[in-house]
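Comments concern the structure below.
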Amino acid sequence: MEQRTVERFRKRTIWIHWLHTASFVFLSISGALMFFHLTGMRGGQQIRTVHRITAVFFVAAPVLYSFFDPKAAMTFLEEAFHWNRDDIAWLKLFGSYYFGGQEQMPPQGRINGDQKLWQLMVIITGSVFILTGVNLWFFKLQIPIVLYQWVLLAHAVAFVVISFMFPIHFYLRTLHPRFEESLSSMLDGKVSEPYARKHYPKWHDGIIGENTNHDT
Amino acid sequence: MRIKLAVVLALIVGAVLIVYLLFGNQMLSPLQLAQAKTACQECHSRPAFTRASDVHARHPQLSCATCHPQNPPVVDFDACMFCHGKPQYTSARVMHDTHAALSCSHCHRYNAGLKTTDNLRNGLKWFGMGILLFGLIGLTANFIMVNRKTKME
């Protein structure tokens, strides 16, 4: 067992990640109950209250993160929106790679192509959730009823998109044998040096380069 | 310093939220109130106005348009009668919250645009369940295949 010494995530990032995950899970469950009409006549009100309280945490997590660590928040956005050839090449091959074929993959930076796609979807759907959610919560009696309907539909579309992608993200980072250190890195923030070199060679080389420069 | 600022900001936002949630949707605009008062005088020489909830409770048999002619009813009252002998109107907020399990077109069935999104929403539900099922089957297949390959190696 290799020693996990390379710092991949900071404590703050890990806390924000899990706070956001927990609120997302609660929002998904309460949202699904309303979306599929599984609440009773009176139950809808309680579920909606739970949904709204959890939504506050869902919004607060990235806001606090941006407030306390604006640099890291900017890096998160840059990573999601900046795509290079290797990222695209990764996405073209990742199906075969995750099904056990394709050993050699294009070199990746701090996050790989499918993680970038996930990050991008989190930002896009999260923004849709917040924008539409604010209207559904605070302005439902002010906006025209037809607009309300379309806003509700946009909220539901974002829910379907992220509900499809979340199990994939969860599976690849917790159960998939090729990313065996992914979950533990989101618990204690560390990965082993060979793991970093194998999966994120560009990032790994950057860190090694930095350390070498510091040493000299 | 940052923490103090964050706490102050959170308190301000919280206070605004609480005030809005408590009173935001209960306030009638002066125009709406004037319309309602004019309608009272058709039956009462000296209407005793108490609270909106009292007035609504005392006139369950009237359609909204009787007192609010400028606001035509957006609710199909026959739909209310389908479940309730005598619907008790309180506020649009309470009505929406207590009927959260119903689709919009259940009560707003004659309103333009509702059927369009309701059909889309129903379609979206099936689509959502379909791709979720497809995804879960794919992940299960992946798990079995990858683990088998790993064991063979």
For residue A:110: the one exception among (1) more than 22 Å from residue A:2 (Cα to Cα); (2) more than 10 Å from chain B (Cβ to nearest Cβ); (3) in a loop (DSSP other than H, G, I, E, B): (1)
Taking region A:79-102 and keeping only residues that are of a type in the set (D, E, K, R) and more than 17 Å from residue A:10 (Cβ to Cβ), one is left with A:85, A:86, A:87, A:92
Return the only residue of A:119, A:108, A:104 being at pLDDT below 90 and at negative phi. A:104
The conditions are (1) exposed (fewer than 15 other Cβ atoms within 10 Å of the Cβ); (2) at the interface with chain B (Cβ under 9 Å from one of its Cβ atoms); (3) modelled with pLDDT under 90, and residue A:139 fails exactly one of them. Which is it? (2)
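Looking only at region A:176-197, count every residue that is aliphatic (A, V, I, L, M) and either crowded, with 19+ Cβ neighbours inside 10 Å or modelled with pLDDT under 90 (or both) and tell me the total.
So the answer is 2.
Taking region A:166-175 only, how many residues are open to solvent by less than 40 Å² (accessible area, probe 1.4 Å) and either more than 7 Å from every other protein chain (Cβ to nearest Cβ) or at pLDDT 95 or above (or both)?
The initial filter retains those residues of region A:166-175 that are open to solvent by less than 40 Å² (accessible area, probe 1.4 Å), namely A:167, A:171-173.
If we keep only those that are either more than 7 Å from every other protein chain (Cβ to nearest Cβ) or at pLDDT 95 or above (or both) too, we end up with A:172-173.
Number satisfying all stated conditions: 2.
Okay, residues lined up against (1) open to solvent by 40 Å² or more (accessible area, probe 1.4 Å); (2) more than 14 Å from chain B (Cβ to nearest Cβ); (3) assigned to a helix (DSSP H, G or I); (4) over 30 Å from residue B:145 (Cβ atoms):
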position	(1), (2), (3), (4)
A:30	no, no, yes, yes
A:49	yes, no, yes, yes
A:83	yes, yes, no, no
A:88	yes, yes, yes, no
A:95	no, no, yes, no
A:102	yes, no, no, no
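The values are calculated or read from the model by the stated rules, or taken from the named source; none is laboratory data. Small disclaimer: the values here were computed from a predicted structure and weren't measured. Note: ideal-geometry Cβ built from the backbone for every residue, glycine included; neighbour counts use all protein chains shown. Note: accessible area is taken over every heavy atom of the protein model, side chains too, but ligands, DNA and RNA are not part of it. Shrake-Rupley method; radii C 1.70, N 1.55, O 1.52, S 1.80 Å.
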